[in-house]
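J.: Got a structure for you, questions after.
The values are calculated or read from the model by the stated rules, or taken from the named source; none is laboratory data. These figures come from a predicted structure and were not determined experimentally. Because the Cβ atoms are built from the backbone with ideal geometry, glycine has one as well, and the counts that use them run over all protein chains shown. Surface accessibility is based on the protein's heavy atoms, side chains included, excluding ligands, DNA and RNA. Shrake-Rupley method; radii C 1.70, N 1.55, O 1.52, S 1.80 Å.
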Amino acid sequence: MIVGIDLGTTNSLIAVWENGASRLIPNTLGEVLTPSCVSVDEDGSILVGRAARERLQTHPDRTAAVFKRYMGSDKSLRLGTREFRPEELSALILRALKEDAEAALGHPITEAIITVPAYFSDAQRKATRAAGQLAGLKVDRLLNEPTAAALAYGIHLRDTETKFLVFDLGGGTFDVSVLDLFEGVMEVRASAGDNMLGGEDFMRCLIDHFFAHNKLPASLKSDHYFMQRLAAQAEAAKRALSEHASASIRLNHNDADYTLDIDESTLERICEGLLRRLRDPVERALRDANLRTAELDNVVLAGGATRMPMVRRLVARMFGRFPACDINPDEVVALGAAVQAGLKMRDAALDEVVMTDVAPYSLGIEVAMELRDSSFSSGHFDPIIERNTPVPVSRVKRYFPVTERQKQLSLNVYQGEARMARDNIKLGCLNITLPGLARDDSGIDVRFTYDVNGLLQVAATIVKTQEAHTLVIEGNPGMLTEAEIAARFIALSELKIHPRDRIEHRTLLASAERLYQQLRGGQREWFGAQILAFEQALETQDKRQIAPVRKQFETLLNDMERDSFAVPYSDPA
Ligand code: ADP
Ligand code: MG
């Protein structure tokens, strides 16, 4: 069985294709959204999901979030005493999802379809695939997130020709894709996006506004503990504003109270810059697809941040219609990944659907341009595979060295759209020794092969000798070799994972810890005693004794959460 996984910046989900439909599988807490957070507990065991997210505030030095942004780089994150690469943290998330699904389905899971932002680079895709391997999953395919969203919607629309645009605003990434469904063939016509724009940024905007409003010194931003508490409240306020006209943030620091009362229109005003940035990728995708907004049949919303009314208004204004949101926007990508899994398993219900996808960016090499006076201008970018070419694709182009009897040649491989190579992203370099013949006899065929997973292979053949070279990506610190993956797989397998059956209680305790730190004086003392009582009940290991205490404790936490977090406020006037 192949599962579909949405490995998100903020939340991850796992789904299966079952009886002709996608089904999301809940985690041990009964939730389908598992926060993409990892924390190392005091006893050294690994916590994943909500328990880890709670610890962002109480144990920032032992907890990691939003590491998807570092996929494909060599940045490592320190949790307690151990360093983790972004692929390893992602692997821990994948492993937790895999185990949840195995428990729910009652059999082992070895294969997965994992979704990635359409704009993910080659290195980021390879890192995602490595994360799958590290989690003991064969990554059957990497699927672009908007393509998955379209697939979740598309299967219902099978018989008609439909052109739709997927507008996916998640926690940390923004993707736009224009898709065309025709006679059961779904084609991604164009995709564009912004790798550094998401719901997180709206929350940061709110934080900046809080600082300005309360005239707080910028130096306070390095106070980790203060910032984590503020972030939690800003996040809650942002969400509250998706449903209520106003919300407030209240924070105590060094015996002073800081507050912010904010309404939805103010949030929209302070986030104006972010909203503006949403327009550009939409326009670019439409331009590349050669479509006007009026020609679109449907606009599909994906990503939790599209729940914000200001985003929905912007989309409605841009397209002159209301977007489709029948499917929960934060679930649609995972549901689509499961459809792809169904396709892969050749489920009869999906007989008619075929998928094609496009390369999200141009891929090419650095060249020197010959000028009229036979001199050369170097550093230009020459695309071999153009942006939005349907994949899989293999293209070959012939090049000649600059000088007569040249002995050495460096092929620098780039991705991007800029005219000059240096303004694009360098993927790697291939050094070739030439036979040193006349220029005209020194042709080299450079072949770029881009597969359905968005992974690039570069091969260069010296025409005269038929000697072939393939690209070993050098100078790319963000990539693990197969041997490194194997070694890290073993190291990760040896990590102690928090036992699944105790995660629920552990999550409650993590929430309690966070709330405790926000209290002071008598309240703090009283609440400390409540935590202790719960811990003592847990120690009995007697389910009947634990159950009532637990229920009471949970209710208490919920009440406290409501009191101390952003709630709609009514103007005292
Ligand atoms: P990702 O794909 O990056 O994992 P999701 O699709 O799960 O992200 O979306 C997460 C983002 O959605 C977060 O920034 C979160 O704040 C935002 N979000 C979720 N629910 C709401 C809501 N009701 N109102 C505003 N933002 C929301
Ligand atoms: Mg997402």
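J.: Starting from 0.36 nm per residue, how many nanometres of slack lie between Ile485 and Ile270 once their C-alpha separation is accounted for? Intermediate values should be presented prior to the final figure.
T.: Values: separation 215, 0.36 × 215 = 77.40 nm, distance 4.39 nm.
Contour length minus the Cα-Cα distance gives 73.0 nm.
J.: What is the sum of charges, Lys and Arg at +1 and Asp and Glu at -1, for the other residues whose Cβ falls under 12 Å from the Cβ of Arg204?
T.: Net charge in that neighbourhood comes out at -2.
J.: Loop only by DSSP, 15 or fewer other Cβ within 10 Å of the Cβ. Give me the chymotrypsin sites (Phe, Trp or Tyr not before Pro) in the stretch 489-564 that pass, ordered by residue number.
T.: Here no chymotrypsin sites (Phe, Trp or Tyr not before Pro) fit, given the DSSP loop and packing criteria.
J.: Where the only charges are on Cβ atoms (+1 Lys, Arg; -1 Asp, Glu), what is the dipole of the chain about its Cα centre, to the nearest 20 debye?
T.: 720 debye
J.: Among 47-56, 194-203, how do they line up from the highest to the lowest mean number of other beta-carbon atoms within 10 Å?
T.: 47-56, 194-203
J.: Per residue, how large is the accessible surface of the chain? Use a 1.4 angstrom probe and give square angstrom.
T.: 44 Å²
J.: Next question, about the same structure. Pick out, in residue order, every one of the trypsin sites (Lys or Arg not before Pro) in the stretch 308-413 that is DSSP loop and has at most 15 other C-beta atoms within 10 Å; say none if there are none.
T.: Arg321, Arg346, Arg372, Arg405, Lys407
J.: Here's a follow-up. Per DSSP helix of 4 or more residues, -39500 (n - 2.57); summed, then divided by the residues of the chain. What does that give at 222 nm, rounded to the nearest 500?
T.: Only helices count here, giving -11500 deg cm²/dmol.
J.: Taking the Cα centre of each part, how many Å lie between the stretch 216-281 and the stretch 90-115?
T.: After rounding, the separation between the Cα centres reads 35 Å.
J.: Are there GluC sites (Glu not before Pro) in the stretch 449-547 that DSSP marks as loop and that have at most 13 other Cβ atoms within 10 Å, and which are they? Show your work: numbers first, answer last.
T.: Numbers: sites: Glu467, Glu474, Glu482, Glu484, Glu494, Glu504, Glu513, Glu525, Glu535, Glu539; in loops: Glu474, Glu494.
Those that pass, being in a loop and sparsely packed, are Glu474, Glu494.
J.: Still on this structure: Calculate, in whole percent, how much of the Cα-Cα pair population of the chain lies beyond 39 Å.
T.: Numbers: 56456 of 163878 pairs.
Here the tail beyond 39 Å accounts for 34 percent of pairs.
J.: Another one. Considering only Cα-Cα distances, which of the following residue pairs are longer than 22 Å: Lys68/Lys138; Lys138/Lys344; Lys68/Lys215; Lys68/Lys98; Lys397/Lys426?
T.: Checking Cα-Cα distances, Lys68/Lys215 exceed 22 Å.
J.: Next question, about the same structure. At a 1.4 Å probe radius, carbon and sulfur cover how many percent of the accessible area of the chain?
T.: 49 percent
J.: Testing the spin-label approximation: label points 7 Å from Cα along Cα→Cβ at Glu18 and Ser73. State their distance in nm.
T.: Taking the simple label geometry, Glu18 and Ser73 are separated by 3.9 nm.
J.: May I pose another question? Report the gain in length on full extension from Ala418 to Leu532: 0.36 nm times residue separation, minus Cα-Cα distance, nm rounded to one decimal.
T.: On the way: separation 114, 0.36 × 114 = 41.04 nm, distance 6.04 nm.
Separation in residues times 0.36 nm, less the Cα-Cα distance, equals 35.0 nm.
J.: Now a separate question. Net charge near Gly72: determine it from the other residues with C-beta under 12 Å of the C-beta of Gly72, scoring Lys and Arg +1 and Asp and Glu -1.
T.: In short, +4.
J.: Right, another one. Using 7 Å Cα-to-Cβ label points, what is the Arg250/Thr403 separation (nm, one decimal)?
T.: Result: 7.5 nm between the two label points.
J.: With an 8 Å cut-off on Cα pairs and a minimum separation of 6 or more residues, tell me the relative contact order of the chain in percent. Don't skip to the answer; put the middle values down first.
T.: Working: 1155 pairs, mean separation 93.6, N = 573.
Across the chain, relative contact order equals 16 percent.
J.: Give me the percent relative contact order of the stretch 363-474, please, defined on Cα pairs under 8 angstrom at least 6 residues apart.
T.: The normalised contact order for the stretch 363-474 reaches 25 percent.
J.: Rank by packing, highest mean first: peptides 289-295, 412-418, 100-106, 227-233, with packing defined as the count of other Cβ atoms within 10 Å averaged across residues.
T.: Sorting 289-295, 412-418, 100-106, 227-233 by mean packing, highest first, produces 227-233, 412-418, 100-106, 289-295.
J.: About its Cα centre, what dipole magnitude does the stretch 1-150 give when the only charges are +1 on Lys and Arg Cβ and -1 on Asp and Glu Cβ, stated in debye to the nearest 20?
T.: 380 debye
J.: Pop the C-beta distance of Arg372 and Arg447 into the FRET formula with R0 = 30 Å and round what comes out to the nearest 0.05. Could you put the intermediate results ahead of the total?
T.: Details: r = 30 Å, r/R0 = 1.01.
The pair Arg372/Arg447 has a calculated efficiency of 0.50.
J.: Determine the relative contact order of the stretch 500-562: mean sequence separation of Cα pairs under 8 Å and six or more apart, normalised by residue count, in whole percent.
T.: Here the relative contact order equals 33 percent.
J.: Give the shape of the stretch 363-474 as rounded, prolate or oblate, defined through the alpha-carbon gyration tensor: a ≥ b ≥ c are the square roots of its eigenvalues, a/c under 1.5 means rounded, and otherwise the shape is prolate if a/b is larger than b/c and oblate if not.
T.: Verdict is oblate for the stretch 363-474.
J.: I'd like the accessible area for Cys325, computed on protein heavy atoms only with a 1.4 Å probe and all protein chains in place. Round to 10 Å², please.
T.: Surface accessible to solvent at Cys325 totals approximately 50 Å².
J.: By how many nm would the segment from Gln552 to Glu295 lengthen if fully extended, with 0.36 nm per residue of separation less the alpha-carbon distance?
T.: Numbers: separation 257, 0.36 × 257 = 92.52 nm, distance 5.56 nm.
Between Gln552 and Glu295, full extension yields 87.0 nm more.
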